[in-house]
Ligand code: MEV
């Protein structure tokens, strides 16, 4: 019998990735066209709990404490005051792994929500957020917390590490195309490399992060004051800084150039970089041409989504 079901969207970082790990702000939004889902069912008495990662064709048990799915389940059960119920947790996700769309955090959030529904407890976004953050620490070492926050709250947020998330108002919705390079790139590696580079030359990296913070501030003003057309040049500026930070890649640059050639007014990588996804500012008029150009340049998946409005189209 089905006892509970939990879902969580993907996410996109609009501005500020990497610098956000060092205390600067970032802007991020949920992407509802992709999602993770966890279904909790009962099992025969005494059979314990099993987590079926259906996409990976793997079954995980609670004792596998180093596995993120076992960890998130353990943390959620502790919060719910349960030891080991006789449950099967089946997990599926349409969010590409290691692509900067928050697959790990979304899977964790879906599991926490599915388990809490099965237990008859209504955990609010702050509690889901806190549990998912613990798991993110295992995934990435030093996560800022932006991914789990935007996914747990399910709305666009202005995020500064260590402070309560600030959902932000979008005065005029705007459209972005999200292009997937198809090159998996674990966030942990990119974040670790940036840390090593920062340790070697703190002055330079702190100055780069400050410049990113300036871009994020301008982008926030443009979004909240209804001037989304300003976001294109700001994406280009953020991308130039990300290149200097050392997290772009030939695949990302190819997609960024293709988007610009087809009429996007700005583009940047999104998430950890080195591969994964990029975003481009488009209009309803340029979206189809940009999506086609991204595919022709090698994108394995393109999502066109309107930020500031629920829903969107999978192009
Ligand atoms: C990953 O989506 C965003 C990064 O800034 C890492 C983090 O914030 O933890 C690269």
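Values quoted throughout were computed directly from the atomic coordinates according to the rules given, and no laboratory measurement underlies them. In this text the structure is predicted, and so the values were computed from the model without any measurement. Note that we place each Cβ from the backbone using ideal geometry, even for glycine, and neighbour counts take in every protein chain shown.
Taking the alpha-carbon centroid of each part, what is the distance from region 85-148 to region 191-249 in angstrom?
With region 85-148 and region 191-249 each reduced to a Cα centre, they are spaced 27 Å.
Evaluate the relative contact order of region 209-315 (contact order divided by residue number), counting alpha-carbon pairs under 8 angstrom at least 6 apart; express in whole percent.
Numbers: 140 pairs, mean separation 21.3, N = 107.
Result for region 209-315 is 20 percent.
Taking the Cβ of each residue in 170, 279 as the centre, tally the other Cβ atoms inside 10 Å and list the residues starting with the fewest. Numbers along the way, then the final one.
Values: 170 18, 279 32.
Going from sparsest to densest Cβ surroundings: 170, 279.
If packing is taken as the average count of other Cβ atoms within 10 Å, what order do 139-147, 12-20, 121-129 fall into, highest mean first?
Numbers: 139-147: 22.3, 12-20: 28.1, 121-129: 16.2.
The packing order, highest mean first, is 12-20, 139-147, 121-129.
Using alpha-carbon pairs under 8 Å, 6+ residues apart, how would you state the relative contact order of region 116-176 in percent?
On the way: 42 pairs, mean separation 13.7, N = 61.
For region 116-176, the relative contact order is 22 percent.
Report the convex hull volume per residue for the chain, counting only C-alpha atoms, in Å³. List each step's numbers first, then the result.
Numbers: hull volume 37.4 nm³, N = 315.
So the per-residue hull volume is 119 Å³.
Can you list, largest first and rounded to whole Å, the semi-axes you get for region 64-202 by taking the square root of 5 times each eigenvalue of its Cα gyration tensor?
Values: eigenvalues 141, 78, 51 Å².
Its equivalent ellipsoid spans semi-axes of 27, 20, 16 Å.
When the Cα atoms of region 216-262 are enclosed in a convex hull and the volume is divided per residue, what value in Å³ results?
Working: hull volume 3.3 nm³, N = 47.
Roughly 71 Å³ of hull volume per residue.
With 5 Å bins from zero, work out the P(r) of region 89-138 over every alpha carbon pair and list the percent per bin.
In order of increasing distance, the bins hold 4, 21, 28, 25, 16, 5, 1 percent.
Output the relative contact order of the chain, whole-number percent, from Cα pairs under 8 angstrom with separation of 6+ residues. Walk me through the intermediate numbers first.
On the way: 740 pairs, mean separation 69.0, N = 315.
Relative contact order comes out at 22 percent.
Quick one: angle between helix 125-140 and the longest Cα principal axis of the chain, in degrees between 0 and 90, rounded to 10, please.
80
Please report, in Å, the Rg and the Dmax of region 1-68, where both are computed over Cα atoms only.
Spelled out, the Cα radius of gyration and Dmax of region 1-68 are 17.3, 50 Å.
Kirkwood hydrodynamic radius for region 187-315: how many Å is it when counted over pairs of different Cα atoms? Walk me through the intermediate numbers first.
Values: mean 1/r = 0.0648 Å⁻¹.
Roughly 15.4 Å, rounded to one decimal.
Using Cβ counts within 10 Å as a stand-in for footprinting exposure, how do 31, 112 rank, fewest first?
Ranking 31, 112 by Cβ neighbours within 10 Å, fewest first, gives 31, 112.
Assuming 0.36 nm per residue, please report the length gained on full extension of the stretch residue 221 to residue 296 beyond their Cα-Cα distance.
Extra length available between residue 221 and residue 296 comes to 23.6 nm.
With the chain treated as a Gaussian network of Cα nodes joined by springs under 10 Å, which of 23, 276, 114 yields the largest mean-square fluctuation?
23
Please list the three semi-axes, largest first and in whole Å, of the ellipsoid equivalent to region 31-107, using sqrt of 5 times the eigenvalues of its alpha carbon gyration tensor. If you can, show how the numbers build up before the last one.
Numbers: eigenvalues 107, 33, 26 Å².
For region 31-107, the ellipsoid semi-axes come out as 23, 13, 11 Å.
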